[in-house]
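> Have a look at this one.
Since every read-out is calculated from the coordinates, none of them should be taken as a lab result. All figures in this text were calculated on a predicted structure; none of them were measured in a lab. Note that we place each Cβ from the backbone using ideal geometry, even for glycine, and neighbour counts take in every protein chain shown.
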Ligand code: NAD
C-alpha cells in the first residue's frame, strides 16, 4: 500500500482514500483550495445566525434527528471506518457507538451545563452577579485518522449542542467517514450547513486554521498542532489542542495481576496501538513483575493480526508510521531491550505483530516518543515512588492507568495526566460526563463533559445593580474623606479576617 495519491479530474485535484488492509481504493475526495474552505466557513456563518439563535429545546430536536439518522445508518458508517482505517468491524461499530453516545449526552446535557447561574457578589452586595454561556459562532474541527468518527465527535457533538456551527476537516487518510457523517447531518438537520465537511490534506487544514473561524479544535500530532496554533495566531483565533501521548500504566504490588495484564494488553494493542490514549509504557512492582510479564506474553500470543473479520487488530493505517514503529523497536534492541513477542523482523508490510519488550531504559525512543503501534515496553520498579517518578518523566500528559488496592487513589492523583483509569484502562474516553484532554505536549483544553460544552462557548459575566448604595464608589463625585473611609474598610475587611462577611461589612461602612 502507498500513501494517499493525489490525482487530477478535470480542473479539480482529488485525494484517494486507500484501504490499509488491502491497498484498494475506497474512494476519492476533492483536495480543496483555501477559497473553497473559506466559502464553507462563510456558509457556516450564515447558518450560525439561525442555529445559534435556536432555543436549547429546538436545537435538541434537530440533534436528536441527527442522532437517530446516524443510528439508522450505523452499518454503513462502521463499514467505512473499517475500510478506511483498517480496524476490525467490531472495533469500527464500537467507535460509532461511542461517538453517537457522546452526541446524545451533549444534546441532553447542553441546557443544564450552559444554564446561566447566579454567583456571590463579594464586596458589591448591591449587585446581582450572573454567569452565562453563549455559542462562539463557527468552530473549525481538524481531525486525525485513528478514530475518524469518535475523536472529531468529541468536538463536533459538543460544539453543535452549545449552539455553534461546524466546519470539519477530516484526515486525508479517512475523509469518506467525515463526508458520510456530514451528508447524514445535512439530511437530518433542517437548517443547511450546520455541519459541513471540507476535504484535503495539510493545505485544507491550514486554510481552516487561517480562516476567520471563532475557534479551532485540533486533534493530531504535536508537530502539526504547533503549525495550527501559529496559523490561528494570525487572527487571534482560540485553539483547543488534543495531541499525542505516552501513557503510562502503573501496577502496584497489591494489584490484581491477571486483570492488570489483560488491561495492559488491550490498552497497548487495541486499534493496533494507534490510540492517543494507548498504554505506551508499563511500570510494574518488582513483587508481581514476573507474573505480570508471563500473563502479558500469554495474552499477546492470542491476539491475531490481519485484515479479516476474525482478526483482533488490522494493518497500520498511516504508511509512514510503520517506519517509526520499526525504528523505535530497533533503537530499543540496539540499546539492550529484550524482545519477548513480535519484533522489528516480524513486521510484514503494514501488519505489525504485537511486540512486548523488557530490559528497557528511559533513554530509549520507545520510552520517550509516541510509538503509535502495537508495542508494550515493561519496566520493573522497586517502589511506588519510583513508578510515579518514571511515569511522570515525559513531556506528554494525556491518559494513564493505575492498578492496585490500598493507596491506589493516592497513586492516581500523583500521575501528571489529564485522565487516569483506576483498575481499568481507557474507560474515561467512553464516559461522556468526564472531561478529556491533556497537559504539556499532549495539548490543552477539554472535550467531553460539561467542560467540553463550555469549551465551545463565550463566558459572559453580568453584573446588575439591584439598589444604589449611599456612597457611589464608581463616580468622580466622591465625598471628602473617602481615602480614609476606604482605608478603614480595608482594615475592617481584611485586617481582621472578616472577608467572609465582606458584603455586610461594606454595606455598614457605606451607610
Ligand atoms: P497529523 O498531525 O498528521 O494530522 C492531523 C490533521 O491535521 C489531519 O487532518 C491533517 O490533514 C491536518 N493537517 C496536516 N498539516 C496541517 C497544517 N499545516 N495545518 C492544519 N492542519 C494540518 O495527525 P494524525 O497522524 O492524523 O493523527 C495522529 C496523532 O493524533 C497522534 O499523535 C495521536 O496521539 C493524536 N491524537 C490525539 C487525540 C487526543 O484526543 N488527544 C486523539 C486522537 C489522535
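> Rank by packing, highest mean first: peptides 386-395, 158-167, with packing defined as the count of other Cβ atoms within 10 Å averaged across residues.
Packing order, densest peptide first, comes out as 158-167, 386-395.
> Sorting check: for 234-244, 272-282, 313-323, 445-455, which peptide has the highest mean count of neighbouring beta carbons within 10 Å, and how do the rest follow?
Descending packing order for the listed peptides: 272-282, 445-455, 313-323, 234-244.
> While we're here: Would you compute, from DSSP H runs of 4+ residues alone, the mean residue ellipticity of the chain at 222 nm, taking -39500 (n - 2.57) per run and dividing by the full residue count, rounded to the nearest 500?
-12500 deg cm²/dmol
> Over every pair of different alpha-carbon atoms in the chain, take the mean of 1/r and invert it; report that Kirkwood radius in Å.
24.9 Å
> Relative to the longest principal axis of the C-alpha atoms of the chain, give the angle of the C-alpha long axis of helix 222-233, reported between 0 and 90° and rounded to the nearest 10°.
Once rounded, one gets 30 degrees.
> In percent, how large is the relative contact order of the chain, given Cα pairs closer than 8 Å and 6 or more residues apart?
17 percent
> Return one number: the angle in degrees, 0 to 90 and rounded to the nearest 10, between the long axis of the Cα atoms of helix 319-334 and the longest principal axis of the Cα atoms of the chain.
Tilt relative to the chain: about 80 degrees.
> Can you tell me the alpha carbon radius of gyration of the stretch 247-430 divided by the globular rule-of-thumb value 2.2 N^0.38 Å?
Normalised Rg, Cα atoms only: 0.94.
> Quick one: work out the % antiparallel among DSSP beta bridges in the stretch 247-430, nearest 5.
20 percent
> A further question follows. Relative to the longest principal Cα axis of the chain, at what angle does helix 56-72 sit, 0 to 90 degrees, rounded to 10?
Taking the Cα atoms of the chain, the angle to 56-72 is about 10 degrees.
> Oh, and also: Given the C-alpha centroids of the stretch 173-244 and the stretch 342-385, what is the distance between them in whole angstrom?
The distance from the Cα centre of the stretch 173-244 to that of the stretch 342-385 comes to 32 Å.
> Right, here's the next one. Beyond 19 Å, what share of the Cα-Cα pairs of the stretch 150-198 remains, rounded to the nearest whole percent?
That fraction is 16 percent.
> Considering only DSSP beta bridges whose two residues both sit in the chain, what percent are antiparallel, to the nearest 5?
Just about 45 percent of them are antiparallel.
> Given the Cα atoms of the stretch 397-463, and with Rh set as the inverse mean 1/r over their pairs in the Kirkwood sense, what is Rg to Rh to two decimals?
Reported Rg/Rh (Cα atoms, Kirkwood Rh): 1.08.
> Another question, then. With no solvent and one equal point scatterer placed on each C-alpha of the stretch 348-447, evaluate the Debye formula and give log10 I(q)/I(0) for q = 0.24 Å⁻¹, two decimals.
Results for the stretch 348-447 at q = 0.24 Å⁻¹ read -1.46.
> Another question, if that's okay. What fraction, in whole percent, of alpha-carbon pairs in the stretch 10-136 exceed 19 Å separation?
Cα-Cα pairs of the stretch 10-136 separated by over 19 Å account for 70 percent.
> Whole angstrom only: what separates the Cα centroid of the stretch 107-123 from the Cα centroid of the stretch 128-172?
20 Å
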